[in-house]
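Worksheet: one structure, shown below.
The values are calculated or read from the model by the stated rules, or taken from the named source; none is laboratory data. A quick note: this is a predicted structure, and the numbers were derived from the prediction, not measured. In this analysis, Cβ positions are derived from the backbone assuming ideal geometry, glycine residues included, and neighbour counts consider all displayed protein chains.
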Amino acid sequence: MPMTASCHCGGTRITLPAGPTEARRCNCSFCSRTGAVWAYYDPSQLRIETKGEDAVYSASSGLNRHHFCPTCGMHTWGASPDWAEMYNADGTPKNGDPHAMPSRRIYQVNLNLIDELDWSAIQVEEIDGRSSW
């Protein structure tokens, strides 16, 4: 059943195809400050509606893009290369190449923005982004 993530003021709404069964929490210097817990989706799976233009931040020259509601400031979603395609959760490369770049992009949705979410049904993996990226 589809689910909707919404920022505090309702200006950004993201429709997910179904409730996630797995998610990731990253401890990098950015994610740990925002407190986001991420579920990952192919861009074609999400419907993102905003009132106005999102505020966007990137600490990586646009490689990873973090989106925020321009009104209430909630960290709503992100777009990045599909790092899980090339790297393990501990940051080691799956193919042995420490410079490997993923070939596709993926979207992340901040699960903290879903009121009716059953957290007991979601396996949350801890990602060591602080040491890995």
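For the reader, a short list of remarks on this structure follows.
- Considering only residues in the stretch 72-103 that are farther than 20 Å from CYS31 by Cα and of a type in the set (Gly, Ala, Ser), the one that is surrounded by the most Cβ atoms within 10 Å (Cβ to Cβ) turns out to be ALA100.
- Index of the failed condition, ASP54 passing every other in (1) modelled with pLDDT of 95 or more; (2) among the acidic types (Asp, Glu); (3) surrounded by 15 or more Cβ atoms within 10 Å (Cβ to Cβ): (1)
- For GLU85, the conditions (1) assigned to a strand (DSSP E or B); (2) charged (D, E, K, R); (3) more than 24 Å from SER6 (Cα to Cα) all hold with the exception of (1).
- SER29 in contact (Cβ under 8 Å) with a residue 40 or more places away in the chain, within 18 Å of ASP128 (Cβ to Cβ) and assigned to a loop (DSSP other than H, G, I, E, B): yes
- Residues located in the stretch 11-38, provided they are touching a Ser or Thr at 6+ places or on another chain (Cβ under 8 Å) and of a type in the set (S, T, N, Q): THR12, THR15
- Among (1) at negative phi; (2) exposed (fewer than 13 other Cβ atoms within 10 Å of the Cβ) - the single one ILE106 does not satisfy: (2)
- Screening THR92 with (1) within 21 Å of LEU113 (Cβ to Cβ); (2) among the β-branched types (Val, Ile, Thr); (3) more than 17 Å from the chain's Cα centre (by Cα) gives one miss only, at (1).
- Residue that is farthest from LEU113 (Cα to Cα) [pool: residues in the stretch 1-32 that are among the β-branched types (Val, Ile, Thr) and surrounded by fewer than 16 Cβ atoms within 10 Å (Cβ to Cβ)]: THR21
- In the stretch 107-122 there is no residue matching the filter, namely being part of a strand (DSSP E or B), under 23 Å from MET3 (Cα atoms), within 15 Å of the chain's Cα centre (by Cα) and without any contact (Cβ under 8 Å) to a residue 40 or more places away in the chain.
- Of all the listed residues (GLY78, GLY19), the sole one being in contact with a strand residue (DSSP E or B) (Cβ under 6 Å, 6 or more places away or on another chain) and not in a strand (DSSP E or B) is GLY19.
- Complete set of residues in the stretch 59-89 that are among the hydroxyl-bearing types (Ser, Thr, Tyr) and over 22 Å from SER103 (Cβ atoms): THR71, THR76
- Meets criteria (closer than 15 Å to GLU116 by Cβ, over 12 Å from the mean Cα position of the chain (by Cα), of a type in the set (Lys, Arg) and modelled with pLDDT of 95 or more) for ARG47: no
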